[in-house]
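A.B. asks: Got a structure here, written out as structure tokens. Questions coming.
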Number of protein chains: 2
Amino acid sequence: MAVSRSLRRNQTITYLLSAMLGIGFLWFLFGDDTTMPSISTAPRQLLKSKDAASNALSPPSLPFRKPASLGPNEVAPPPPVVHYHMNNVTATSDPVGNRESILILTPLARFYQEYWDNLIKLSYPHDLISLGFIIPKGREGNLATQQLQERISKTQAPTNKNRFASITILRQDSEPPVAQSESERHAMAAQKERRAAMSRARNSLLFTTLGPTTSWVLWLDSDIIETPPTLIQDLASHDKPIIVPNCFQRYYNKEKGAQDVRPYDFNSWQDSPTAQAIGEKMGPDDIILEGYAEMATYRALMAHMAEANGDPRKVINLDGVGGTALLVKAEVHRDGAMFPPFPFYHLIETEGFAKMASRLQWSSSGLPNYFVYHYNE
Amino acid sequence: MAVSRSLRRNQTITYLLSAMLGIGFLWFLFGDDTTMPSISTAPRQLLKSKDAASNALSPPSLPFRKPASLGPNEVAPPPPVVHYHMNNVTATSDPVGNRESILILTPLARFYQEYWDNLIKLSYPHDLISLGFIIPKGREGNLATQQLQERISKTQAPTNKNRFASITILRQDSEPPVAQSESERHAMAAQKERRAAMSRARNSLLFTTLGPTTSWVLWLDSDIIETPPTLIQDLASHDKPIIVPNCFQRYYNKEKGAQDVRPYDFNSWQDSPTAQAIGEKMGPDDIILEGYAEMATYRALMAHMAEANGDPRKVINLDGVGGTALLVKAEVHRDGAMFPPFPFYHLIETEGFAKMASRLQWSSSGLPNYFVYHYNE
């Protein structure tokens, strides 16, 4: 595997910034004793704000500090024992009606104002949306963090009724493995290393932020600058375990002398005998990459299946998926589906994720005529 | 794959019980503005109990309920924006000295009093220990939940200074796939299905409970009834990414007419050319199982490497690990290492986990002369 061991440090989370919105009011179910039956019949109780968790993260792993002011024979204030009763952690085609929580996860190398503008225009109820970001170390990462936090301070202001449920920011302790200009990023030799590092970043973000009440995870790259405001509802309405829209890019077409669109993400595909044969001839650590002339896979690429005035609700089956925008039922991740940083059936990152999900008996779907748009550098 | 699709439902978490200890006092770092530099220089502040999170879970995915009592022009109480600064999420050979948090995860089919007695005798500071359980549906699961909650209500009493930081209980929505008597459980044909279901349970528990401040994960099966009280410190002192003690069982030896010990867990092993050759001849969905006469792998089993009066600090390299007691640095899981419910290099569950970790460049170690003991049915 060409990925150096030092890359591993890239994924070590050495500091974590969590800017989050406190939970205004929470419904808790309090059992008045500890037996099973009592829980299902426990009375509902509306907590005052000061009694509820004053922030939305406070994960179970967080240690409490023993208060230094207590004497040797004093005891700490009595802690509450709280029972959650979560019969309704569903992931359905009507997530708004069923009040389903969604976690939007974004690996953030650069901050684009257009990404944020599009994000806050999403019409899914923001009190059901938690955001998670993972940002690399270094000057560019610092700048992205600062820009993100400036937007957060406005969006999450107490007077903004449309604020998000919570926001978590993870910072990595090293810089991205390769330069990030568009031409360099797409060089075939750099792809394996870059996507292995991206896989580890995605896994760190996922394992750290997925909670017991999450119904859906939307992976949304930081350079996706335009989607329909109903993106989440539209994707979820198909009730698929994994579903991906078609990622295009707006550009100025010199021949036409006008604005135009072109395919951008080639990682959503249906497998081909040619690609299978390429894989069989490969060594165990080699990977098949899509979108490169020097490795013609003859896979059926969703990027090329868009139809003029095609039905945006048309669904196709996929064997590989891209991650620029990708909706996943949380149950798929909880079953163990992650982003392999190592060659998995000669696939890595989001394409390897689709293969791993299929090994877990979850299928992938695509919407060839439903578009999101990538930034044009 | 022989595992039926209906098994998938087994892993759906339909209700979650979280009995948890509130955080008495927390150190928070408050940034007074939103830029990066201010965070590292933010003043420390000791919060009063009522200001801190009143429970230890409150994951970022938890939606807040809009208070029904607010009028159309009123706004909710201002939520705090909190920054965590987590430079010290380490996993070192001195976890007590470095105040490292550990998450003990237990798939619980039956509750054994001896398991609980052993657990609460662990000498690792309990305020750094979070517990997570996943329990199947059904009468036996209900009984186990009830028994567990009775013990929790005592252990987590406010007057008990030795209580744990938090406890999370996940309930699955279906029963275990096969009967659980010792003889049935070990039948080779049932192993693949049982261990695939166990893998999904482990993954659900892991993905749901791992938090940003977790340093270590200790997998501890519910039928491990005896360990040294210093188990966590002893295992961590070797500073290995993955380390497993030798799992034995106490029994009455009729020939000797006395109590004796014998090996119990055969899943910790060093690979062999024979096992490799078996794997190469297998179909892609077949798995190699250890400890069965009908499939002689000639792997070097740690169960057979125990020495009379051997050094308990002796360390060996392993290629497969058992999960009865298994200490993992949280970073290994965050990188993506999970328990494959599908054949992964012809391995599943904890053995597949060790293989997956090795693909992520994390090695596994074993302690042949350091013992934990399994319940004798």
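A.B. asks: What's the total number of residues in the stretch B:215-229 that are touching a Phe, Trp or Tyr at 6+ places or on another chain (Cβ under 8 Å) and open to solvent by 40 Å² or more (accessible area, probe 1.4 Å)?
C.D. replies: The qualifying residues number 2.
A.B. asks: Across the stretch B:213-256, what is the total count of residues that are assigned to a strand (DSSP E or B) and touching a residue at least 60 places away in the same chain (Cβ under 8 Å)? Before you say what the answer is, go through the steps one by one.
C.D. replies: Start the filter on the stretch B:213-256 by keeping residues that are assigned to a strand (DSSP E or B), which leaves B:214-220, B:224-226, B:242-253.
Okay, now just the ones that are also touching a residue at least 60 places away in the same chain (Cβ under 8 Å), so B:214-220, B:224-226, B:242-251.
Selection size over the stretch B:213-256: 20.
A.B. asks: So residue B:342 clears everything in (1) closer than 30 Å to residue B:215 by Cβ; (2) of a type in the set (A, V, I, L, M, F, W, C); (3) in contact with a strand residue (DSSP E or B) (Cβ under 8 Å, 6 or more places away or on another chain) except one condition, right? Which one?
C.D. replies: (3)
A.B. asks: Does residue B:353 satisfy being among the aromatic types (Phe, Trp, Tyr), within 14 Å of chain A (Cβ to nearest Cβ) and assigned to a helix (DSSP H, G or I)?
C.D. replies: Numbers: among the aromatic types (Phe, Trp, Tyr): yes; within 14 Å of chain A (Cβ to nearest Cβ): yes; assigned to a helix (DSSP H, G or I): yes.
So residue B:353 fits the description; yes.
A.B. asks: Look through the stretch B:324-350, keep the residues that are more than 25 Å from residue B:249 (Cα to Cα) and of a type in the set (Gly, Ala, Ser), and return whichever of them is nearest to the other protein chains (Cβ to nearest Cβ). Give the steps one after another, and end with the answer.
C.D. replies: So in the stretch B:324-350, the residues more than 25 Å from residue B:249 (Cα to Cα) come out as B:329-338, B:340-346.
Then drop every residue that is not of a type in the set (Gly, Ala, Ser), which leaves B:330, B:336-337.
On the way: B:330: 8, B:336: 4, B:337: 9 Å.
Out of the qualifying residues, it is B:336.
A.B. asks: Quick one: which of A:133, A:164 is more than 9 Å from every other protein chain (Cβ to nearest Cβ), under 25 Å from residue A:204 (Cα atoms) and in a loop (DSSP other than H, G, I, E, B)?
C.D. replies: Numbers: A:133 fails: in a loop (DSSP other than H, G, I, E, B).
On inspection, the qualifying residue turns out to be A:164.
A.B. asks: Considering each residue of the stretch A:102-126, count those that are within 17 Å of residue A:205 (Cα to Cα) and among the small types (Gly, Ala, Ser), and give that number.
C.D. replies: 1
A.B. asks: Output yes when any residue across the stretch A:294-312 is among the charged types (D, E, K, R), open to solvent by 40 Å² or more (accessible area, probe 1.4 Å) and under 30 Å from residue A:100 (Cα atoms), and no when none is.
C.D. replies: Going residue by residue through the stretch A:294-312, those that are among the charged types (D, E, K, R) are A:294, A:299, A:307, A:311.
If we keep only those that are open to solvent by 40 Å² or more (accessible area, probe 1.4 Å) as well, we get A:294, A:307, A:311.
Still in the running and under 30 Å from residue A:100 (Cα atoms): A:311.
Within the stretch A:294-312, one or more residues are among the charged types (D, E, K, R), open to solvent by 40 Å² or more (accessible area, probe 1.4 Å) and under 30 Å from residue A:100 (Cα atoms).
A.B. asks: Still on this structure, I have one more. Restricting to the stretch B:292-308, name every residue that is without any contact (Cβ under 8 Å) to a residue 40 or more places away in the chain and either of a type in the set (Phe, Trp, Tyr) or assigned to a loop (DSSP other than H, G, I, E, B) (or both).
C.D. replies: We begin by selecting, within the stretch B:292-308, every residue without any contact (Cβ under 8 Å) to a residue 40 or more places away in the chain; these are B:293, B:296-301, B:308.
Passing the criteria: B:293, B:296, B:297, B:298, B:299, B:308.
A.B. asks: Within the stretch B:265-277, does at least one residue satisfy the condition of being open to solvent by 50 Å² or more (accessible area, probe 1.4 Å), touching a residue at least 24 places away in the same chain (Cβ under 8 Å), in contact with a Gly (Cβ under 9 Å, 6 or more places away or on another chain) and closer than 21 Å to residue B:374 by Cα?
C.D. replies: yes
A.B. asks: Restricting the stretch B:112-146 to residues that are within 27 Å of residue B:371 (Cα to Cα) and among the polar types (S, T, N, Q), which is least open to solvent (accessible area, probe 1.4 Å)? Give the steps one after another, and end with the answer.
C.D. replies: In the first step, residues of the stretch B:112-146 are kept if they are within 27 Å of residue B:371 (Cα to Cα); the result is B:112-135, B:144.
After this cut, where a residue has to be among the polar types (S, T, N, Q) as well, the list is B:113, B:118, B:123, B:130.
Numbers: B:113: 64, B:118: 18, B:123: 60, B:130: 2 Å².
Only one residue tops the list, namely B:130.
A.B. asks: Please verify whether the stretch A:360-369 includes one or more residues that are at the interface with chain B (Cβ under 10 Å from one of its Cβ atoms) and open to solvent by 10 Å² or more (accessible area, probe 1.4 Å). Break it down into steps so the answer makes sense when it comes.
C.D. replies: Taking the stretch A:360-369 and keeping what is at the interface with chain B (Cβ under 10 Å from one of its Cβ atoms), we get A:360-362.
Pick out the ones that are also open to solvent by 10 Å² or more (accessible area, probe 1.4 Å) and you get A:361-362.
Yes, the stretch A:360-369 contains a residue that is at the interface with chain B (Cβ under 10 Å from one of its Cβ atoms) and open to solvent by 10 Å² or more (accessible area, probe 1.4 Å).
A.B. asks: Among the residues of the stretch A:323-345, is any farther than 14 Å from residue A:244 by Cβ, out of contact with any Leu (no Cβ under 9 Å at 6 or more places or on another chain) and assigned to a loop (DSSP other than H, G, I, E, B)?
C.D. replies: Yes, there is a match, as at least one residue in the stretch A:323-345 is farther than 14 Å from residue A:244 by Cβ, out of contact with any Leu (no Cβ under 9 Å at 6 or more places or on another chain) and assigned to a loop (DSSP other than H, G, I, E, B).
The values are calculated or read from the model by the stated rules, or taken from the named source; none is laboratory data. None of these values were measured; they are calculated from a predicted model. Neighbour counts are summed over all protein chains in view; Cβ atoms, including those assigned to glycine, are modelled from backbone coordinates with ideal geometry. These accessible areas exclude ligands, DNA and RNA; they are computed on the full protein's heavy atoms, side chains included. Shrake-Rupley method; radii C 1.70, N 1.55, O 1.52, S 1.80 Å.
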